[in-house]
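This report concerns only the one structure given below.
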Amino acid sequence: MDVLRLIRWKNLLFIAVMLYLMQRSVIDPLLITCGFSQGLDTMQLALLIAATMLIAAGGYAINDYFDVKIDAINKPESRIVGRVMDRRMAMIYHQVFTAIGAICGIVLAVSVKSVTIGVFALFVPGLLWFYSASYKRQFFIGNIIVAFNAALSVLAVAIANISILVHQYGALVYQTPFPLVKQIYAWIGGFALFAFLTTLIREIIKDMEDEQGDRELECHTLPIRLGFKKTKIILYGFIALTAGLLCYANFVLLPFAEKGISTRYLIIGLLLPLAILVYFIATAKNKKDYKNASTLCKFIMLTGVFYSLIFYYMQAKTFGISLFGLFLVSPH
C-alpha cells in the first residue's frame, strides 16, 4: 500500500525490534540479576513502541510533504507524495499518526509516572516538523536532529524503566551491590550513542546521494557546502570514532571475564562492515554507489542492535539467569 511506503514501514519495524530488544535483552536481564521484577510490563512496552513508531511515521509523512520538489528530482519514479498521493493526504496521515503517537506517549508517561516521557511525546513531533520544514536544509543541523531523535528513542526505554523502579522501590534501586541504575544507563546509553553515530553517518551519506535535488532547492547540506571530498573525510572521521568507541567498550569497559563471543561479534559483525563501508564511500562516484553505502549502513545499525542478544547471553552465563525464561547457559 502507498501509505506503508509513505511511512517507511521497514524503518518502523526496525524501531520496534530495537526497542523490544533493549527492554527484553538488556534491561530485563539487569533487573533479574539484581533481584528486581521486570520494569516495563507488556502493555507499557507496547505503548512505548507504538508511540515511537507512530511519531516516526508522522515524521516521515511530513518530510515527504515538504520534500515534493526535491523528491521530484532525486527519486521521480519512487516518490509517493505528488505522484500517487496528494499533499493533502500526506498532511492528514501526518496529523493522525502524530496525534495517536503523542497520546500513546502521554498515556505511557502517566503509567510510569515520568514527566520526561511526556515531554518527549510532545517535543519530538514538533522537532520533526521543524526539521522537515527548515532544519534539514541547513548546514549539518538536520543531520544532528535525526541522529539525536534516534538516540532519544533508545534512551526513552531506560528513562521509563528507571521511573518505574524509583516509584516502586524508592532509594533501594540506588543501593544495590550491583549498581543497577548506573548499569542500565551505561548499557542503554552505549546503544543510544551507537544509534546516534550510525544514524549521523547514514544521513550524511543520504545527503551525498540526494545532492542534485538538494542543490536545485538551495539546501546547505555538507556535500553542497564543503564538496564531496571533504564530506568523505568527515565520514571517515565519524566511522573511525564509531569503531574506536566500539573497541574501547569491548576491550576496556566490558565487565565480563569471558568476552570471546563479544570480540568475535565485534570484529565480524561491526568492524568488518565498517571497513567495507569506508571502501564503499571512498569508491562511490554516483547515486547508486551512495545508495549501496546507505544500505550497508542500515545493516551495521541492525547488527549493532542485535549485539543486545550477545549481552544477554554473557549476562546469563555469568550470573546463571535463564535466557528468555527458557533455558540456562552453562558457565563452562
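Name every residue in the stretch 217-233 that is touching a helix residue (DSSP H, G or I) at 6+ places or on another chain (Cβ under 7 Å), assigned to a helix (DSSP H, G or I) and closer than 16 Å to GLN138 by Cβ, in order of residue number.
Those that are touching a helix residue (DSSP H, G or I) at 6+ places or on another chain (Cβ under 7 Å), assigned to a helix (DSSP H, G or I) and closer than 16 Å to GLN138 by Cβ: LEU222, PRO223, ILE224, THR231.
If you go through the stretch 1-20, how many residues are in contact (Cβ under 8 Å) with a residue 12 or more places away in the chain and of a type in the set (Lys, Arg)?
The total comes to 2.
SER78 passes all but one of (1) buried (at least 19 other Cβ atoms within 10 Å of the Cβ); (2) of a type in the set (Ser, Thr, Tyr); (3) free of Cβ contacts under 8 Å to residues at least 60 places away in the same chain; which number fails?
(1)
Somewhere in the stretch 189-196, is a residue among the aromatic types (Phe, Trp, Tyr), at pLDDT 95 or above, crowded, with 19+ Cβ neighbours inside 10 Å and more than 30 Å from ASP71 (Cα to Cα)?
Looking for residues that are among the aromatic types (Phe, Trp, Tyr), at pLDDT 95 or above, crowded, with 19+ Cβ neighbours inside 10 Å and more than 30 Å from ASP71 (Cα to Cα), one finds at least one in the stretch 189-196, hence yes.
Cβ-Cβ under 8 Å, sequence separation 6+ or interchain: first residue in the stretch 21-42 and within 15 Å of TRP187 (Cα to Cα), partner part of a loop (DSSP other than H, G, I, E, B) and modelled with pLDDT of 85 or more. Which pairs?
If the second residue must be part of a loop (DSSP other than H, G, I, E, B) and modelled with pLDDT of 85 or more, the pairs left are GLN23/LEU40; ILE27/LEU40.
Spot the failing condition for ALA158; the list is (1) farther than 17 Å from CYS34 by Cβ; (2) among the aliphatic types (A, V, I, L, M); (3) crowded, with 21+ Cβ neighbours inside 10 Å, and only one is missed.
That leaves (1) as the condition not met.
Quick one: in the stretch 1-41, which of the residues that are within 17 Å of ALA90 (Cβ to Cβ) and surrounded by 15 or more Cβ atoms within 10 Å (Cβ to Cβ) is farthest from the chain's Cα centre (by Cα)?
Here the residue is VAL3.
Could you check PRO179 against (1) of a type outside the set (Ser, Thr, Tyr); (2) surrounded by 19 or more Cβ atoms within 10 Å (Cβ to Cβ); (3) within 30 Å of ILE32 (Cβ to Cβ) and say which number it fails?
(2)
Starting from the stretch 185-213, keep only residues that are touching a residue at least 60 places away in the same chain (Cβ under 8 Å), then list their pairs with residues that are outside any helix (DSSP H, G or I) and basic (Lys, Arg) whose Cβ atoms are within a distance under 7 Å, requiring at least 6 positions of separation or different chains.
none
For the stretch 289-320, enumerate the residues that are out of contact with any Ser or Thr (no Cβ under 6 Å at 6 or more places or on another chain), small (Gly, Ala, Ser) and within 21 Å of ALA150 (Cα to Cα).
Within the stretch 289-320, ALA293, SER294, GLY304 qualify.
If ILE70 satisfies every condition in (1) of a type outside the set (D, E, K, R); (2) surrounded by fewer than 16 Cβ atoms within 10 Å (Cβ to Cβ); (3) in a helix (DSSP H, G or I) but one, which is the exception?
(2)
If you take the residues in the stretch 97-154 that are among the polar types (S, T, N, Q) and surrounded by fewer than 21 Cβ atoms within 10 Å (Cβ to Cβ), which one is nearest to MET43 (Cα to Cα)? Give the steps one after another, and end with the answer.
Of the stretch 97-154, the ones among the polar types (S, T, N, Q) are 98, 111, 114, 116, 132, 134, 138, 143, 149, 153.
Subset that is surrounded by fewer than 21 Cβ atoms within 10 Å (Cβ to Cβ): 111, 116, 134, 138.
On the way: SER111: 10, THR116: 19, SER134: 36, GLN138: 39 Å.
Top of the filtered list is SER111.
For the stretch 164-195, enumerate the residues that are in contact with a helix residue (DSSP H, G or I) (Cβ under 7 Å, 6 or more places away or on another chain) and in a loop (DSSP other than H, G, I, E, B).
Scanning the stretch 164-195 gives a single hit, PHE178.
For the structure I just gave you, tell me whether ILE159 is at pLDDT 95 or above and either within 23 Å of the chain's Cα centre (by Cα) or assigned to a helix (DSSP H, G or I) (or both).
Yes: the conditions hold for ILE159.
How about the stretch 105-143: which of its residues are under 20 Å from ARG8 (Cα atoms) and either without any contact (Cβ under 8 Å) to a residue 60 or more places away in the chain or not in a helix (DSSP H, G or I) (or both)?
GLY126, LEU127, PHE130
The values are calculated or read from the model by the stated rules, or taken from the named source; none is laboratory data. Keep in mind that what you see is a predicted model, and the values were worked out from it rather than measured. Here the Cβ is made from the backbone with ideal geometry for all residues, glycine too, and neighbour counts use every protein chain on show.
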